[in-house]
Amino acid sequence: MVRKKGFKHTEETKRKIGLSNSIVLKGKKLSEESIKKRTNTRKRRKIPSPMKGKKHSLKARQKMSKSQIGHKTSDRTKKKISKSLMGHKGYFAGKKRPEISGKNHVFYGKHRSEETKQKIAESKKGNKSHFWKGGIYKNPYPVDWTKTLKKSIKERDKYLCQVCLNEGGVIHHIDYNKNNNNPNNLITLCRSCHAKTTLYRDYWLKYFKNKLKGET
């Protein structure tokens, strides 16, 4: 029997088909040969994919997008996806990754307007920034944070940055606590290295502690 174009099964027929399949396959596993036959059916029959060379319409895309709102992938499905991607080398495997700098960059030869720059700055200002620590930089230093203390630390470190060994002029708190002015918690850095310590704090904390242990 040849079905006409646009033919659709009724909901009752779909239910019966699903029920019959579940009864037949209940407690059974398909052989590798059966799985291959099922997965390669379209290929064996040389039937091209109905969407080959086509694109979904905007309306269809909006429907698909809307259908996924609130949808959560089950843990079982996540495991299947993870397993299927194991050993996958990615799209650029064996290919030259396209350059995104220079003339190929989307902003090449373009400039953001002052208004756009201002909007970007406002969107990352204060507590909107991922570096925000609650405004602790405004907290005053304790009474024992004196010029004499800073000079003594610089003399101890021979006025050298303890990271790059260039001339150092900034005193850094190793544990990032400005109230802890124990000499063992202070170290001399140059301005460049001191700026680097604002990021990856756990790394730098471990780095300086290991350095002090090595010296002692």
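The values are calculated or read from the model by the stated rules, or taken from the named source; none is laboratory data. No experiment lies behind these values; they were computed from the predicted model shown. Note: ideal-geometry Cβ built from the backbone for every residue, glycine included; neighbour counts use all protein chains shown.
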Number of positions in segment 181-216 that are among the aliphatic types (A, V, I, L, M) and assigned to a helix (DSSP H, G or I): 3
All positions within segment 164-174 that are under 16 Å from Y207 (Cα atoms) and assigned to a loop (DSSP other than H, G, I, E, B): C164, L165, I174
Residue in segment 109-129 that is nearest to Y200 (Cα to Cα), counting only those that are among the hydroxyl-bearing types (S, T, Y) and at pLDDT 80 or above: S123
Top-ranked residue of segment 160-182 - restricted to ones that are of a type in the set (S, T, N, Q) and surrounded by fewer than 17 Cβ atoms within 10 Å (Cβ to Cβ), ranked as nearest to V143 (Cα to Cα): N179
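Table: residues versus (1) in a loop (DSSP other than H, G, I, E, B); (2) of a type in the set (V, I, T); (3) at pLDDT 70 or above.
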residue	(1), (2), (3)
E33	no, no, yes
R38	no, no, no
R42	no, no, no
R61	no, no, yes
M64	no, no, yes
I69	yes, yes, yes
S82	no, no, yes
K89	yes, no, no
P98	yes, no, no
Condition met for N185 (of a type in the set (S, T, N, Q), surrounded by fewer than 13 Cβ atoms within 10 Å (Cβ to Cβ), out of contact with any helix residue (DSSP H, G or I) (no Cβ under 7 Å at 6 or more places or on another chain) and within 30 Å of S129 (Cα to Cα)): no
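Return yes when D202 is out of contact with any Cys (no Cβ under 9 Å at 6 or more places or on another chain) and under 22 Å from S129 (Cβ atoms) and no when it is not.
Criteria met by D202.
Residues are listed down the side, and each one gets a yes or a no for (1) hydroxyl-bearing (S, T, Y); (2) touching a strand residue (DSSP E or B) at 6+ places or on another chain (Cβ under 6 Å); (3) modelled with pLDDT under 90; (4) not in a loop (DSSP other than H, G, I, E, B):
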residue	(1), (2), (3), (4)
F131	no, no, yes, no
G134	no, no, yes, no
Y137	yes, no, yes, yes
P142	no, no, yes, no
K154	no, yes, no, yes
Q162	no, yes, no, no
Y176	yes, no, yes, no
N179	no, no, yes, no
